[in-house]
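Peer 1: Got a structure here, written out as structure tokens. Questions coming.
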Amino acid sequence: MKNFSTDVSKVSGEPLGNELPGNELSGNKPSGERSPQPFTSKANFKRLFVLFLWFLFTLWALRVSGTPELNWGGCASIYQFLSASFRPELSPAFLWVMAKAALATFAFAVCGTTLSLVIGLIFGVACSRLWWRIFLPGTVGQGIWMVLRGGLAVPRAIHELIWGLLLLNVLGLDPIVGVCAIAIPFGAITAKVFSEIIDETPAEPLNALVNSGVYPVTAFFYAQLPQALPNLISYGFYRFECSLRAAAVLGIIGAGGLGEQIFLSWQSLQYAEVWTGFYALILLNGLVDTWSAKLRRQMGFVSRMDIARRTNAQKRRAATERNRFFIWGSWLAIALSIPLCFAYLDLGWARIGRSPPFLIDLASQVTPDRVLSALSFSLVPLALQTVAMSVLAINLAGIGGVLFSFPAAQNFFLPGGLLQSVGTASRWGGGHLVLLLSRLILLAARAIPAPILALIIVFGMYPGVWPGALALAIHNFGILGRLMAEVNENLPDRPLRALRSLGASGSGIVFYGILPANFARFLAYILYRWEVCLRETVIVGLVGVGGLGRLMTEQLSSFDYSGLAATLLVFIGLTIIVDTISAQMRSAVR
């Protein structure tokens, strides 16, 4: 026990975040933690170097993508589509169809999130570095940890749409396809994030229990997990919002829900019906977003994700009776919705047992010799196009997200806000209007699936890298803008009000107060979403916008599984490279 205690002391003597550069989430630390490092010239040099590297990446991406080619002949189709937004299909029969589709999308998201959180918690503990240090210290435990952590890269690198297309061939047309397509990659992503949350959580209480004679594994579950629970719950809410968007995307391949109805209406050129589906998606995402934000706020979880922050972000407050009623009512609704959604979808679990014949045939095609022979230098230009598409998309999304994070934050333009003149908003209500419009724009951008956005953009542009980049930029702009707005809302306002009292203008507060304080987190969010954006290049490949996504779609439709395996190997390699670059950059700006 003494040896183990010494080992844990080594763990707890230095914040675990220093051992895990590039964590997607940073755990919240108690008030006794080490104070943040001062902003030194070395830290400033690292940030400038990261910005310079990113500038070079952007120049390279612009060179690879070429000049966007506009298709002026598609202007009439764009006008026809946009004009349909003012006259959506509102017949009772169609609205009933959309209501059932929305319920199916919600059920897919609930079931997929439930399974992904179960998978994420199990493998998150198993992939935690701290777990193996207490359970099996030494080189053996370190080796097992590296194998498990590396193994997570494969399922999370493959987009849920590809999982859906593969499972469709294995399990047939059944709701279980959509649920498993969400649960497998999201479970791997959740496991990675959960493991980092556990490792970032201070180990001092664990060390104290072990020193008092408690069995190490018991101490882990009594000391480490309860501390990490707030961040685990907060990320679980974020993952549910992601599952809701993924469920809409999976509808495009026939998994059901709003995505399927929108795509069917699009194929039949019924644009009024398409807009009805868009409005239903926006409403569903808005309701979930509002409920999630309120529940997290009442529980004291101020952010969906805590990136590049080592301080205590939990703003606990005494719960009133009204708060308790809402919190317990929400958890009761969650507990009831899970079995009801599984029962509503009526998943065909028995289909899993009938899949071996296809798997045997698949294994016969995906042999090392056939996969290696499918690898060729022709994949290199497509791989470069894929990376360039993701870089352009995240640049545009990041710029738009930063700009909209100010009007979408509640503490800037509302009456008494940091950037609002006294009396202006209260007289005309301009601040509330700005807040409402900006949040609606962000909500619509992230609610509409990227493949549908790509189809719309292809009306006015020829297929290539740019339509896919713009579609991904719009979708990720909605996500980044909302996350960055929360960063602005959680920013301590005393220094900013001090600047205001000294006579600083609104622009001065932004450039000398807000941006310097939030720069690291903004950049960390952009780099984190870059990894996700690379995965999402696959889904815009459905409409033929270029890159490896388009090739994978063609290989799936032609049942070329050996070629698909070779393309997936290249894509997984790209994902690992981008993940590593992003992690190192996030570590440098933290």
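Each value in this text was obtained by applying a stated rule to the coordinates, not by laboratory testing. The shown structure was predicted, so the numbers you read here are calculated from the model rather than taken from an experiment. We place every Cβ from the backbone using ideal geometry, glycine too, and count neighbours over all the protein chains shown.
Peer 1: Helix-only estimate, please: 222 nm mean residue ellipticity of the chain, summing -39500 (n - 2.57) across DSSP H runs of length 4 or more and dividing by its residues, to the nearest 500.
Peer 2: Counting only the DSSP helices, I get -24000 deg cm²/dmol.
Peer 1: Beyond a 31 Å Cα-Cα separation, which of these cross-linked pairs lie in this structure: Lys46/Lys294; Lys192/Lys294; Lys42/Lys294?
Peer 2: Flagged as over cut-off: Lys46/Lys294; Lys42/Lys294.
Peer 1: Where in segment 508-582 are there trypsin sites (Lys or Arg not before Pro) that are in a DSSP coil and have at most 13 other Cβ atoms within 10 angstrom of their Cβ?
Peer 2: For trypsin sites (Lys or Arg not before Pro) across segment 508-582 that sit outside H, G, I, E and B with at most 13 neighbouring Cβ atoms in 10 Å, the list is empty.
Peer 1: State whether segment 71-147 is rounded, prolate or oblate according to the following rule on the C-alpha gyration tensor (a ≥ b ≥ c being the square roots of its eigenvalues): a/c under 1.5 gives rounded; otherwise a/b larger than b/c gives prolate, and the remaining case gives oblate.
Peer 2: Because a/c hits 1.5 or more and a/b fails to exceed b/c, segment 71-147 counts as oblate.
Peer 1: Put +1 on the Cβ of each Lys and Arg and -1 on the Cβ of each Asp and Glu in the chain; which of Thr386, Val193, Gly150 then has its Cα farthest toward the positive end of the dipole?
Peer 2: Val193
Peer 1: Give the order of Trp72, Trp132 when sorted by the count of other beta carbons within 10 angstrom, beginning with the fewest.
Peer 2: Lowest count first: Trp72, Trp132.
Peer 1: What does the C-alpha gyration tensor say about the overall shape of segment 415-561? Classify as rounded when a/c is under 1.5, otherwise prolate if a/b is larger than b/c, or oblate.
Peer 2: The shape class here is prolate.
Peer 1: Right, next: For a footprinting-style exposure proxy, rank Thr218, Thr575, Thr537, Thr67 by other Cβ within 10 Å, fewest first.
Peer 2: By the 10 Å Cβ count, ascending, the order reads Thr67, Thr218, Thr575, Thr537.
Peer 1: How large is Rg over Rh for the chain, taking Rg from the Cα atoms and Rh as the Kirkwood inverse mean of 1/r across Cα pairs?
Peer 2: The Rg/Rh ratio comes out at 0.96.
Peer 1: Given the options Ala445, Ala517, Tyr462, identify the residue whose Cα lies farthest towards the positive end of the charge dipole of segment 421-525 (+1 on Cβ of Lys, Arg; -1 on Cβ of Asp, Glu).
Peer 2: Ala517
Peer 1: Another one. For segment 141-161 and segment 557-590, what is the separation of their Cα centres, given in Å?
Peer 2: Cα centroid of segment 141-161 versus Cα centroid of segment 557-590: 12 Å apart.
Peer 1: Right, next: In whole percent, what relative contact order does the chain give with Cα contacts below 8 Å and a gap of six or more residues?
Peer 2: Value for the chain: 22 percent.
Peer 1: Let me ask something else about it. For Met461, list long-range residues whose amide hydrogen, built 1.01 Å from N in the peptide plane, is under 5 Å from its own amide hydrogen.
Peer 2: Excluding prolines and chain starts, which carry no amide H, the hits are Asn71.
Peer 1: With the contact rule set at Cα under 8 Å and sequence spacing of 6 or more, what percent relative contact order holds for segment 169-304?
Peer 2: RCO, segment 169-304: 23 percent.
Peer 1: Ile352 to Trp96: extension gain in nm, 0.36 nm per residue of separation minus the Cα-Cα distance?
Peer 2: Here the answer is 88.9 nm.
Peer 1: Based on the alpha-carbon gyration tensor of segment 498-589 and its eigenvalue square roots a ≥ b ≥ c, which shape applies: rounded if a/c is under 1.5, prolate if not and a/b is larger than b/c, or oblate?
Peer 2: Here segment 498-589 falls in the prolate category.
Peer 1: What dipole magnitude, in Debye to the nearest 20, does the chain give about its Cα centre under +1 on Lys/Arg Cβ and -1 on Asp/Glu Cβ?
Peer 2: Dipole size: approximately 1780 debye.
Peer 1: Can you tell me, using C-alpha contacts under 8 Å and at least 6 residues apart, the relative contact order of segment 103-180 as a whole percent?
Peer 2: 35
Peer 1: When Trp60, Trp275, Trp349 are ordered from fewest to most other Cβ atoms inside 10 Å of their Cβ, what list results?
Peer 2: Fewest to most other Cβ atoms nearby, the residues stand as Trp349, Trp60, Trp275.
Peer 1: I need the chymotrypsin sites (Phe, Trp or Tyr not before Pro) found in segment 522-559, filtered to DSSP loop residues with at most 13 other beta carbons within 10 Å of theirs.
Peer 2: Filter output for segment 522-559: Phe559.
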